[in-house]
Each structure stands twice: as C-alpha cells, then as structure tokens.
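No lab work stands behind these numbers, since they all come straight from the coordinates. Predicted, not measured: the structure shown is a model, and the values here were computed from it. Note that we place each Cβ from the backbone using ideal geometry, even for glycine, and neighbour counts take in every protein chain shown.
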Amino acid sequence: MNRKDEHVSLAKAFHKDRSNDFDAVQLVHHSFPGVDVDQVTIATTLFDRSFTSPFFINAMTGGSPKTKEINRDLAEIAQACDLMMATGSVSAALKDSSVSDTFTVVRETFPTGFLLANIGAGSPVENAQRAIDLFQADALQIHLNAPQELVMPEGDRDFRQWLTLLERTVAQVNVPVIVKEVGFGMSRETIQQLLDIGVETIDVAGSGGTSFTQIENARRKKREMAYLDHFGQSTVIALLEANEVNQTFTRIASGGIRDAFDIFKALCLGAKSVGLSGTILNLLLTKGKEETIATIQSWQAELTLLYAMVGQSQTSDLTNVPLVLSGPVKDWCEARRIPLTTYSFR
C-alpha cells in the first residue's frame, strides 16, 4: 500500500474521541456578559489578511489517487465554509511529478482560496520554492517531525541541518512561512530558536489528536515502540509555553481539537487561528462531505455564542477570558514555572 494511503487508513483506525488537556482548561463564568450577539465577529487576522473564521483545515494528505480525491473533497469543504486550507507534505510530488495533481487539485477546486503548501524541515530552499509554485500557494507550512521520522522505518536520521535550512528558507521564499510541529508540541526553547532565525508564525501543534509515532509504529514489523504513542507536549501545554516567550509572534494551535469548545479554548490561550486535521478527516471519511460542511458551519455558529457568553465581541479579546488550569496541565505549569494566576485573574 502507498505510504500516504497507509497514513490515512491508520489515522482513521486510531481516531477516537478521548479526554485530553483541553478538558483541564475551565472557564471562570461571570454573570453579566454585557455584549450583543449580533455585534460578535469570529473573524481573525493572519499575514495581514482577515479570515472569516478563526480555524482552518490543516495539513493532511496527498500523493496517491485515493488522497487526491480526499484533497478534492477537503478543498470543496474549505470553499463551502470559507476556510484556509493546507495540503499534506508535497515532497512526494517534488520527487515524482506524476502525483502532482494530488496536490494541484486543491487550487483547481478552490481557485480563490488561501492555500498552504507543506514541506518537511529538511528540505532545501529550492524545494520549498518548488512546493509554493506547484499550486501557487499563498503561504508555506514547514513541518517539524523528528519523533515521527525516528519511528518511521524509512524515516530520516540526520537532523543537523534542519535549523539552518529553515533560516535560509524563511529568508528567501516569496510567501509567508508557518513552522509547525506534527503533534508533539513545542517548548519555549524551541519557539525561541525559531524566532531567532526570523520565523514570525508558529503552529505549536501538540499531542492529543492524531499520533504519528503511533501510526509509524504500526508500520514497523515488531511494533516495538508503542511507548511513544502519546509522546510530546499537548496543545494546551505548548500554548502555555509559547506565552512564556518574551517576544511578539503569531501563534497557531492544532492537535487534539475535537469541537468548537476546544477551538474556543485554544483562542483564549492565545492562538490567532486553530488548525484541524484528524477530526475533519474522520468526519469526511465516516459521515461524508455534506455532513462535514454542516458540522463546520455549526462550529462557526457555536463560536459566536461562546464569544458572547464570556463577554467578548472579537477574537483578539479572548485572551482576557479568565481560565483555571488543573490536573497534569497545572503540574506542568508548576514544574516549568508558569504562573497559574496569570490566567485565573486576568
């Protein structure tokens, strides 16, 4: 089976609604919201551009006939719901032009969409630009996935040039760059390294959703590395780490987002936008395109009500919402000297 098809099949097989660290984030309720729902906007701003929703379809797939049809469906969903969309890694198309159409289909389907091309951190600048040119991407998403590569039987083993290559790419490509993890989260130290080389937009992409160590371990003959199935920092913890960095940058959150309430909590923790992959893929594969569109439109309506519930009329004001952190998230904050009252009394 094509490796990209294997990833899709395993992601669907492993997908399940389960508790994650978003459940450790509790809102402090105040009884007088003081806003009019009709005045609420859930729009957000990225790359000096306004988007009607504070969430988007994040990187998933491409590279085979099956994934071409999935990307076509995802682009139709993005168009129907007016969402930004990222493709999966286009490395397959850079190596084999015969699968280019599994990625270019997103631009053909959604010609006016804001679309992101995705490549790995070990890619040279020329490949980064080729990925952008493949379907006239509006921005470039560069993924960090060292744990996945190490568990992947045929994965990379040399990471010495990653940061250097990232710095060159950020300086030379002609579109905005997002650097993202693939579900292992980030630390403040990692974020500072990225800021030091000129990165301005970071997707902290934590654990809690699709686990690529679990997927790659399932592809190993002995499946002996199951202890890494849930490796890494959660999205909640990664956002808390990001907030400890004393430098301005744009935060994106993804990983373990199950519904509108998780999107909302991520925005309250400082994300400007929230990416969804596994939840949308599972909806598409199990319920179909029309029901996926209906669900996303329901989330958009729910977010308007959630903003009003906490007395905020726009996305940028959600960081005023007081939050109480408990359980493993609280333990992490105490161990990493993240002051809890910063959130509970804001």
Taking the Cα centre of the chain as the origin, how large is its charge dipole in debye, to the nearest 20, when only Lys and Arg (+1) and Asp and Glu (-1) carry charge on their Cβ atoms?
-> 720
Once both labels are modelled 7 Å past Cα along the beta-carbon direction, what's the THR164-THR41 spacing in nm?
-> 4.6
Shape descriptor, segment 251-346: equivalent ellipsoid semi-axes (Cα gyration tensor, sqrt 5λ, whole Å, largest first) stand at 28, 17, 10
Taking square-rooted eigenvalues a ≥ b ≥ c of the alpha carbon gyration tensor, is segment 189-276 rounded, prolate or oblate, where a/c under 1.5 means rounded and, failing that, a/b exceeding b/c means prolate?
-> oblate
Global geometry of segment 98-251, whether rounded, prolate or oblate, following the gyration tensor of its Cα atoms and the 1.5 cut on a/c | oblate
Please give, to one decimal in nm, the separation of the simple spin-label points placed at ASP96 and GLN297, each 7 Å out from Cα toward the Cβ.
-> 3.8
Relative to the compact globular guide of 2.2 N^0.38 Å, what is the alpha carbon radius of gyration of the chain, as a ratio?
-> 0.95
Hey, rough spin-label estimate for GLU126 and GLU244, points 7 angstrom out along Cα→Cβ, what's it come to in nanometres?
-> 4.2
If you take all C-alpha pairs in segment 58-189, what percent of them are over 18 Å apart?
-> 53
Short version: ³J(HN,Hα) in whole Hz for each residue of segment 212-220, in order, from phi by Karplus 6.51 cos²θ - 1.76 cosθ + 1.60 (θ = phi - 60°), x for Gly and Pro, what are they?
-> 7, 6, 5, 5, 5, 5, 5, 8, 7
Taking a ≥ b ≥ c as the square roots of the eigenvalues of the Cα gyration tensor, with a/c under 1.5 meaning rounded and otherwise prolate when a/b exceeds b/c and oblate if not, segment 155-217 is prolate
Quick one: which residues, 5 or more positions from GLY256 or on another chain, have an amide H under 5 Å from its amide H? H modelled 1.01 Å from N in the peptide plane, none for Pro or chain starts.
-> GLY209, THR210
Of SER89, LEU74, THR112, which is farthest on the positive side of the dipole of segment 73-121, counting Cα position, with +1 on Lys and Arg Cβ, -1 on Asp and Glu Cβ, and the Cα centre as origin?
-> SER89
So, in Å, what gap is there between the alpha-carbon centers of segment 255-275 and segment 30-53?
-> 14
Out-of-range pairs (alpha-carbon distance over 28 Å; input LYS68/LYS265; LYS265/LYS289; LYS95/LYS180; LYS95/LYS265; LYS66/LYS272) | LYS68/LYS265; LYS95/LYS265; LYS66/LYS272
